[in-house]
Amino acid sequence: MTMSDINALDHDAFLARVGPVFEHSPWIAQRAWAARPFDGVAGLHQAMMAVVAAASADEQVALLQAHPDLAGKAARAGSLTADSTREQAGAGLDRLSDTEYDRFDRLNRAYRERFGFPFIVAVKRHTKESILAACEARLGNDRATEIGTALAEVGLITRLRLDALFGD
């Protein structure tokens, strides 16, 4: 599907195609639809990130809360979105030892307790070791800094997803 095809989609078809890019948050695509026509994947992503930037603080936190824990219970139960499943598997998070699962679980719990949302990182750019190190380092952030960092990571994740979707 080309960007011309995307620009020609009606609202419902656009939401069906682009809505899943942001984890369980189709409201972003819904609001970005009005910014058509998009001049490419970069323009589409920019419009969607502008929606995130303009969202209320509560909406931004809800976006972060819509993400799964890395190597968490949902991953082990097979109930992640297709994108999250591929991304976590690509970083080897589906092949952890019991000790590694325990470490992820401890860090996920500590992070969620501290910030109120799951640890988010663009796993396609990491190994399991660098993910764990990043989580440990980011636990030292204050909440405002971490919200900004997590939203930036969402931006990286969604750009990679759009690039994969449209082959840009």
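Here, each number is a calculation from the coordinates, and none is a lab measurement. Values in this document were obtained by computation on a predicted structure and should not be read as measured data. Neighbour counts run over all protein chains shown; Cβ positions are idealised from the backbone, glycine included.
Please report the net charge: other residues with Cβ closer than 10 Å to the Cβ of VAL52, K and R +1, D and E -1. It works out to a net charge of 0.
By the scheme Lys and Arg +1, Asp and Glu -1, what is the net charge of all other residues having a beta-carbon under 12 Å from that of SER4? Neighbour charge sum, excluding SER4 itself: -1.
Between ARG95 and ALA152, what is the FRET efficiency for a Förster distance of 25 Å, r being their Cβ-Cβ separation, to the nearest 0.05? Kindly include the intermediate steps, with their values, before the conclusion.
On the way: r = 28 Å, r/R0 = 1.10.
Taking R0 as 25 Å, the efficiency between ARG95 and ALA152 is 0.35.
Backbone N atoms of region 1-15 closer than 18 Å to the 7 Å Cα→Cβ label point of ASP39 belong to residues 3-8. Applying 1/(1 + (r/R0)^6) with R0 = 30 Å to the Cβ-Cβ distance of SER4 and GLN30 gives a FRET efficiency near 0.90. Expressed as a fraction of 2.2 N^0.38 Å, the C-alpha radius of gyration for region 65-154 is 0.99.
What's the extension gain from SER56 to ASP142 if we count 0.36 nm per residue and subtract their Cα-Cα distance? Numbers along the way, then the final one.
Details: separation 86, 0.36 × 86 = 30.96 nm, distance 1.92 nm.
That works out to 29.0 nm of additional length.
Projecting the Cα positions of THR145, PHE22, LEU96 onto the charge dipole of the chain (unit charges on Cβ atoms of Lys, Arg, Asp and Glu, taken about the Cα centre) puts LEU96 furthest along the positive direction.
Would you please give the FRET efficiency between SER130 and ARG109, computed as 1/(1 + (r/R0)^6) with r the Cβ-Cβ distance and R0 = 22 Å, to the nearest 0.05? The pair SER130/ARG109 has a calculated efficiency of 0.65.
Sparse packing (at most 12 other Cβ atoms within 10 Å of the Cβ) combined with a DSSP loop state is found for the following trypsin sites (Lys or Arg not before Pro) in region 86-168: ARG95.
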